[in-house]
1. For the chain, with the dipole built from +1 on Lys and Arg beta-carbon atoms and -1 on Asp and Glu ones, taken about the Cα centre, which of Ile3, Gly58, Ala22 lies farthest toward the positive end?
2. Count the lysine pairs in the chain whose Cα atoms lie under 26 Å apart, taking only pairs 8 or more positions apart in sequence or on different chains.
3. Work out, step by step, the length gained on full extension between Ser29 and Arg55: first 0.36 nm times the residue separation, then minus their alpha carbon distance; give nm to one decimal.
4. Could you look at the chain and say what percent of its accessible area is carbon and sulfur, using a 1.4 Å probe and all protein chains?
5. What residues have an amide H closer than 5 Å to that of Glu57, excluding those fewer than 5 places away on the same chain, when H is modeled at 1.01 Å from N in the peptide plane?
6. If N is the number of residues in the chain, what value comes out of its Cα radius of gyration divided by 2.2 N^0.38 Å?
7. Counting only residues 5 or more places away or on other chains, whose amide H sits under 5 Å from the amide H of Tyr52 once H atoms are built in the peptide plane?
8. Using a cut-off of 12 Å between beta-carbons, work out the net charge of the residues near Glu33 (Lys and Arg +1, Asp and Glu -1, Glu33 not included).
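The values are calculated or read from the model by the stated rules, or taken from the named source; none is laboratory data. Quick caveat, the model's predicted, so the values are computed rather than measured. Heads up, the Cβs are rebuilt from the backbone with ideal geometry, glycines too, and the neighbour counts pull from every protein chain shown. These accessible areas exclude ligands, DNA and RNA; they are computed on the full protein's heavy atoms, side chains included. Shrake-Rupley method; radii C 1.70, N 1.55, O 1.52, S 1.80 Å.
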Amino acid sequence: MNIDKNVPMPNKGVSGKNNFIADLEVGDSIYTEDKYDRDRIRAAFKYRNIPYISRREGEGWRIWRSD
């Protein structure tokens, strides 16, 4: 075991497959036919306190980033 000094700590950030949500602009949307994906994406919006609107569309759901 080694003790290392003066190694910079990484920036705190959210990692995972939902990182793209932070890059969405107001009015951008995501479409999914998978209910699991819909729930996962909505939870990611809620976790980041980003407002969103979700509506049923055809065989799936569309989720918009709102103002």
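1. Going by the charge dipole, the pick is Ile3.
2. 4
3. Values: separation 26, 0.36 × 26 = 9.36 nm, distance 1.07 nm.
Stretched fully, the Ser29-Arg55 segment lengthens by 8.3 nm.
4. Exposed carbon and sulfur together represent 48 percent of the surface.
5. For Glu57, whose amide H was placed from the backbone, the distant partners under 5 Å are Arg62.
6. That works out to 1.56 for the chain.
7. Under 5 Å from the amide H of Tyr52: Ser66.
8. Numbers: positive: Lys35, Arg38, Arg56, Arg62; negative: Asp34, Asp37, Glu57, Glu59.
Result for the local shell: 0.
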